[in-house]
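All remarks here apply to the structure that follows.
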Amino acid sequence: MYPMSATQIGRKIGGLGAAETNRLLKERGFLEGEACDYRPTEKGKEYTTIESFHAGTGGYAQYNRYWTTIKYNPEILDAIGEVTPEDKVRLSEAVREHRKAAHERNFGIDTEDPIETLPVEESEPEGGENPVADAIGAAVLTIAAVYLAKKVYDVAAPKARSWWTNKVAPKLESLKKRKGEDAETEPSPDEIED
């Protein structure tokens, strides 16, 4: 069997994402370190391989990235042991708390109630206008106009071609011939019309 990622192990266990799986592997002694910087322990080295990647050069340091991933031998599933539903809930809550703390640290925002941290002013547009409804209405009208124009073209184009080919073109040809034969006489308007 092929090496597995933390995501694949979480799926095999059932209901765990990569972050929860890594936290579980750390608790069970297979990994050490922190999120985004996990390393296999001596116990974990028996079940892991480390793959290194390089994104190539892009002219800028941020595009010239190196990173590693940890792949696991499928035998680690037996070594992990039983994972109870309570373990899954505890791991999910721990990951959620870790992400919340990282978000607060990085952005200075309390994520407990995002509605209160990002207030939205609700005001009635002047004159009872609703710009969203107006934009939707304009889009619907545009689509309807394009659809109608296409239908008119589909019906009118063959008739216009037929009229030109069967009525106008022959009369123009006959006028050209007549003009060549009798340059002095001009055709009457009745000769041109259908």
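The values are calculated or read from the model by the stated rules, or taken from the named source; none is laboratory data. In this text the structure is predicted, and so the values were computed from the model without any measurement. Note that each Cβ is placed from the backbone with ideal geometry, even for glycine, and that neighbours are counted across all protein chains shown. Note: accessible area is taken over every heavy atom of the protein model, side chains too, but ligands, DNA and RNA are not part of it. Shrake-Rupley method; radii C 1.70, N 1.55, O 1.52, S 1.80 Å.
Restrict the check to the stretch 49-69 and report whether at least one residue is at positive phi, open to solvent by 70 Å² or more (accessible area, probe 1.4 Å) and either part of a helix (DSSP H, G or I) or not aromatic (Phe, Trp, Tyr) (or both). Yes.
Within the set GLU86, GLU97, the sole residue that is surrounded by 10 or more Cβ atoms within 10 Å (Cβ to Cβ) and at pLDDT 90 or above turns out to be GLU97.
Sort out which residues of the stretch 100-110 are hydrophobic (A, V, I, L, M, F, W, C), open to solvent by less than 70 Å² (accessible area, probe 1.4 Å) and assigned to a helix (DSSP H, G or I), and write them in order of number. Spell out the reasoning first.
Residues of the stretch 100-110 hydrophobic (A, V, I, L, M, F, W, C): 101-102, 107, 109.
Narrowing the set further to residues that are open to solvent by less than 70 Å² (accessible area, probe 1.4 Å) leaves 101-102, 109.
Answer for the stretch 100-110, where residues must be hydrophobic (A, V, I, L, M, F, W, C), open to solvent by less than 70 Å² (accessible area, probe 1.4 Å) and assigned to a helix (DSSP H, G or I): ALA101, ALA102.
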